[in-house]
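Notes follow once the structure below has been shown.
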Amino acid sequence: MKKILYLAVFALLSSCLTEKNADPGKPVTFVRYFNGGNNDFAQVAEETSDKGIIILATTEITNPDLTLKYRIKLIKTDEYGNVLQQSVYPAEFGSAESIRAKALLQLPSGGFLVTGETIIDAVSGFAKMYILEVGADLKPVAATSKAIDFSTFLSPLLSIQGQATLQLTSGNYLVLGAIDSPTDNMLLAELDKSNLSIKWVKKYGAGTSTLSNKIFLDASNNVFWSGTVTRSSSDVRLVKTTQNSLNTVFDLPIGSPLLEESGNDICRYGYGFAVVGTTNEKDPAKQDILFKILAEDGSVLFSKPYGFDADTDVGNSITTARGGLIILGTSAAVAEEFGGRGEEDYFLIKVDAFGNEVWPAPRVFGSQSRDIGASVRQMADGSLLVLGTTVFGGVRTIMLMKANSEGNIE
């Protein structure tokens, strides 16, 4: 592998480790770190309609009784990564609620819809799906911010986490959920846009599942989602159903019984999908990045592993980009000769539809500590928006990077 260009972001950002940035300059590219003193778990960053950036994360706090609780955190910045506003939900210190974020949906109103879970029992981990709607000012909308009770339709013993949401042409929300107790199944439901009442719900089974945080509609309003299914081995999973929940068109395990593969993220690509995750194809004792191109019927058009010959290379996120696709990954112990800096590093790979690497080498970046990828998106100007979690002194800190279209910091 050719020598990798290392992006020396940590040294440049040593003075930007608080959420009140000392220098509100206007760089074309940048790296920012955000932390309020607690562990923050980065989830996703998106470009907003006003060319700013919205960051979704979960923050961990310690209540006065020393119990650990989770809160949803939203940070809104300008296009240069300077903080304009941030909020934590619920805002009350000492609140008994513990809520974790999973996915973010931008609304036509300029507001945002967060899907996640509220933990009802900290010992068992029993949870309910949680929906939070906020306006453009990040203030909660009371009627559409609450735990969703599926007990009228399903067993009250089921622990359900919200994974993803999209808005239908009717304005109602289609939500994807993961059922963790007593078995790992899937759930799809339609919620009324005005009060989140349940219009219908359907449970899907057939194997232990983990789900990615995206769902899609095709031109015929069929619904797609992806993730991982584990039976005798782990495979990428692709599900297609009708929008009204009446029929499952297909529910496919995609992989080889000789391999352990997972699908961590999915995006639309052409008339099908691109999936990124992990595979042990190159070495049964190691994890490498898995990249697949799937047709709409779930057939595999292309599949390839990538890696740095480290013990663990993970594909975290994937997005379409001009001239191909961008993969965000995390690698444990990238060799220094390839640009590695810390225990784990972020890296970006650009590939075309045939899996050929467009850049001469992956772009490796990060700190001297642990860096864990969360999401990558291409912005309207062609630049790349990367979100992750960096561990400084044992504290998890949100990392936001804007790189140019070639994955470099200028």
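Dividing the C-alpha radius of gyration of segment 266-400 by 2.2 N^0.38 Å, with N its residue count, gives 1.03.
Computed with a 1.4 Å probe over protein heavy atoms only, the accessible area of THR320 comes to about 60 Å². Taking the accessible area of the chain, probe 1.4 Å, and keeping the other protein chains in place, the carbon and sulfur fraction comes to 52%.
Accessible area per residue for segment 248-383, computed on protein heavy atoms with a 1.4 Å probe, is 39 Å².
In a fully extended conformation the segment linking SER233 and GLN106 would gain 42.1 nm over its present Cα-Cα distance, using 0.36 nm per residue.
Kirkwood-type hydrodynamic radius, the chain: 21.7 Å, calculated from all non-identical alpha-carbon pairs. For segment 321-327, the Karplus equation 6.51 cos²θ - 1.76 cosθ + 1.60, evaluated at θ = phi - 60°, returns couplings of 8, 4, x, x, 9, 10, 10 Hz by residue, with Gly and Pro reported as x. The residues of segment 191-238 have, on average, 39 Å² of accessible surface per residue, using a 1.4 Å probe with all protein chains present.
Phi angles of segment 390-405 translate, via the Karplus equation with coefficients 6.51, -1.76, 1.60 and θ = phi - 60°, into HN-Hα couplings of 10, 9, 10, x, x, 9, 6, 10, 6, 10, 10, 10, 10, 9, 6, 5 Hz per residue; Gly and Pro are given as x.
Summarising the amide proton neighbourhood of THR29: residues at separation of 5 or more, or on other chains, whose placed amide H is nearer than 5 Å comprise GLU410. Taking label positions 7 Å along the Cα-Cβ direction at both ALA136 and PHE153, the computed distance is 3.2 nm, reported to one decimal.
Enumerate the amide H contacts of GLU344 below 5 Å, restricted to partners 5 or more residues apart or on another chain; note that Pro and chain-start residues carry no placed amide H. So GLU344 has HN proximity to ALA333, ARG370, ASP371.
For the chain, give the magnitude of the charge dipole about the Cα centre (Cβ charges: +1 Lys/Arg, -1 Asp/Glu; no others), in debye to the nearest 20.
On the way: 36 positive and 46 negative charges, 121 e Å.
Value, rounded to 20: 580 debye.
Note on LEU104: accessible area approximately 30 square angstrom, rounded to 10, probe 1.4 Å, nucleic acids and ligands left out. If you look at the Cα atoms of segment 44-130, you get an Rg and a Dmax of 14.2, 42 Å. Once the 1.4 Å probe is applied to the protein heavy atoms, segment 47-176 comes out at 41 Å² accessible per residue. Mean separation of Cα pairs under 8 Å and 6 or more residues apart, divided by the residue count, gives segment 251-410 a relative contact order of 14 percent. When PHE41, PHE354, PHE273 are compared by accessible area of protein heavy atoms, the largest-first order is PHE354, PHE41, PHE273, using a 1.4 Å probe. Backbone amide hydrogens, once placed in the peptide plane, bring ALA103 within less than 5 Å of THR115, excluding anything fewer than 5 places away on its chain.
How compact is segment 168-252 by the rule of thumb for globular proteins, expressed as Cα Rg over 2.2 N^0.38 Å?
Details: Rg = 13.0 Å, N = 85, 2.2 N^0.38 = 11.9 Å.
Its radius of gyration relative to the 2.2 N^0.38 Å reference: 1.09.
Accessible area per residue was computed with a 1.4 Å probe on protein heavy atoms; VAL395 scores about 50 Å². The HN-Hα couplings worked out from phi for segment 153-168 by the Karplus form 6.51 cos²θ - 1.76 cosθ + 1.60 (θ = phi - 60°) are 9, 10, 4, x, 7, 7, 8, 10, 10, x, 10, 7, 9, 9, 9, 7 Hz, whole numbers, x standing for Gly and Pro. Local charge for LYS350 was computed over the other residues whose Cβ lies under 11 Å away, with Lys and Arg +1 and Asp and Glu -1, and equals -1.
In the chain, a dipole from Cβ-located charges (positive for Lys and Arg, negative for Asp and Glu) runs towards its positive end, and of TYR80, ASN35, THR230 it is TYR80 whose Cα lies farthest in that direction. Relative intensity of segment 95-226 on a log10 scale, I(q)/I(0) at q = 0.12 Å⁻¹, equals -0.43, per a Debye sum over C-alpha point scatterers of equal strength in the absence of solvent.
The listed residues SER317, SER234 rank as SER234, SER317 when sorted by accessible area, largest first, using a 1.4 Å probe.
Among ILE349, ILE119, the order of accessible area from largest down is ILE119, ILE349, computed with a 1.4 Å probe on protein heavy atoms.
The values are calculated or read from the model by the stated rules, or taken from the named source; none is laboratory data. If you're wondering where the values come from, they're calculated on a predicted model, not measured in any experiment. Cβ atoms come from the backbone with ideal geometry, glycine included; neighbour counts cover every protein chain shown. In case anyone asks, the SASA skips ligands and DNA or RNA and just uses the protein heavy atoms, side chains included. Shrake-Rupley method; radii C 1.70, N 1.55, O 1.52, S 1.80 Å.
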